[in-house]
Amino acid sequence: MAWSEGVKECRLLIASDPGATGNGVGRFLSLRHPKSGKTACYLFISGLLQELHWFKQSYGSWFVGDYVCEDGRLYTATPVDPVFIMLPIFEEARMKKEDDPGKFRQLDEIIFIHDYPGYQHLLSIAENSMQVVCEIKEIGSSKFFRLDDSKVLAWLYHKVCELKETLSVLDKNYAAQQEKDTLADAVSILGEYVKDEPWLNLLCNHLKLNLVEATREALEVENLSPASGSHLDFQSKSQGKGSDQKSTKTGKPAKKAKVETESRNIKEMFSRASRRRN
């Protein structure tokens, strides 16, 4: 029997190989985007969390073997550090007030988010992921977590240093510019996943950078967030067939200019183009 038999709709997804670990069964999760707070779709497979992006031109389909996939969108799933995704909910959970560092809480309590059951699937990786940015207290067999500002700052600084080194490898132009500019680019990339307050502001103060200047470029691509919604994004979106379609004198619909619709810049999916040349 051909793989396409019984398949109503087909999507093309490029994702990282989960390797030999796990059972290879993936699950689409609806989670809040760490920057905007809007619902976004993620793929969780064999303990690896990946964010979804998609790209679509006006007209296009895929040939998969002898099967025609009518949805011409290209979906990609790229690994994302779960700390980015869980940082906002851990920040909310500690209920910090001014000088009060907040409360210690158990993991299952922290990741229980109303209307977002997808977070429950991250319980298996939450402890190992979040211990790098949390204080942990053990009472008997129970563990309690509270986000720690100094640990979060150290983690963000480590991410910036890694990005700075990676940018220099990916683009030789970074080697020719000032270190401060490269740091600003790295902070700008982090700014797509981390909120300005308190984290980016804290990081910029530590690096002696101007927050507005460092995150200016991140604002330009703010609408290029991971695929919004949930796994429902993989359902075909019907084209509007209103009565306002223009027709030619022959009665046939007039040809429309070919423009990109519902797309994400494919370059932004995989790398950030060099922006500073001076």
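Here are 93, 186, 126: which of them is over 22 Å from residue 51 (Cα atoms) and aliphatic (A, V, I, L, M)?
Testing whether each residue is over 22 Å from residue 51 (Cα atoms) and aliphatic (A, V, I, L, M) leaves just 93.
Name the one entry in 150, 58 that is within 21 Å of residue 206 (Cβ to Cβ), more than 20 Å from the chain's Cα centre (by Cα) and hydroxyl-bearing (Ser, Thr, Tyr).
150
Would you mind stating whether residue 90 is at pLDDT 95 or above, farther than 27 Å from residue 38 by Cα and either buried (at least 16 other Cβ atoms within 10 Å of the Cβ) or among the aromatic types (Phe, Trp, Tyr) (or both)?
no
Only one of 218, 227, 214 is modelled with pLDDT under 80 and more than 19 Å from the chain's Cα centre (by Cα); which?
Checking each option against the conditions leaves just 214.
Here are some residues: 29, 12. Which one is modelled with pLDDT under 85 and either touching a Phe, Trp or Tyr at 6+ places or on another chain (Cβ under 7 Å) or among the charged types (D, E, K, R) (or both)?
One residue alone meets the criteria, 12.
Note down all Cβ pairs under 6 Å where the first residue falls in region 155-180 and is over 25 Å from residue 129 (Cβ atoms) and free of Cβ contacts under 8 Å to residues at least 60 places away in the same chain, the second is open to solvent by less than 40 Å² (accessible area, probe 1.4 Å) and of a type outside the set (Val, Ile, Thr), and they're at least six residues apart or on different chains.
168/174
If you go through region 23-74, how many residues are of a type in the set (Phe, Trp, Tyr) and either touching a Lys or Arg at 6+ places or on another chain (Cβ under 6 Å) or without any contact (Cβ under 8 Å) to a residue 12 or more places away in the chain (or both)?
Adding up the residues that qualify gives 4.
Identify the residue in region 172-194 that is open to solvent by 40 Å² or more (accessible area, probe 1.4 Å), touching a helix residue (DSSP H, G or I) at 6+ places or on another chain (Cβ under 8 Å) and part of a loop (DSSP other than H, G, I, E, B) and, among all such residues, is farthest from residue 214 (Cα to Cα).
Applying the filter and picking the extreme gives 193.
Which of (1) closer than 19 Å to residue 159 by Cβ; (2) without any contact (Cβ under 8 Å) to a residue 60 or more places away in the chain; (3) β-branched (Val, Ile, Thr) does residue 83 not meet, given it meets every other one?
Every condition holds for residue 83 apart from (2).
Is it the case that residue 140 is out of contact with any Pro (no Cβ under 7 Å at 6 or more places or on another chain), buried (at least 16 other Cβ atoms within 10 Å of the Cβ) and more than 26 Å from residue 203 (Cα to Cα)?
Here the answer is no, as residue 140 does not meet what is asked.
Of everything in region 94-107 that's of a type in the set (A, V, I, L, M, F, W, C) and modelled with pLDDT of 95 or more, which residue is surrounded by the most Cβ atoms within 10 Å (Cβ to Cβ)?
Per the stated criteria, the residue is 107.
Give the number of residues within region 108-137 that are touching a Leu at 6+ places or on another chain (Cβ under 9 Å) and loosely packed, with under 11 Cβ neighbours inside 10 Å.
Looking only at that region, the number is 1.
The values are calculated or read from the model by the stated rules, or taken from the named source; none is laboratory data. Source: prediction; values computed, not measured. Neighbour counts run over all protein chains shown; Cβ positions are idealised from the backbone, glycine included. Each accessible area value is taken on the protein alone, full model and side chains, heavy atoms only, with ligands, DNA and RNA left out. Shrake-Rupley method; radii C 1.70, N 1.55, O 1.52, S 1.80 Å.
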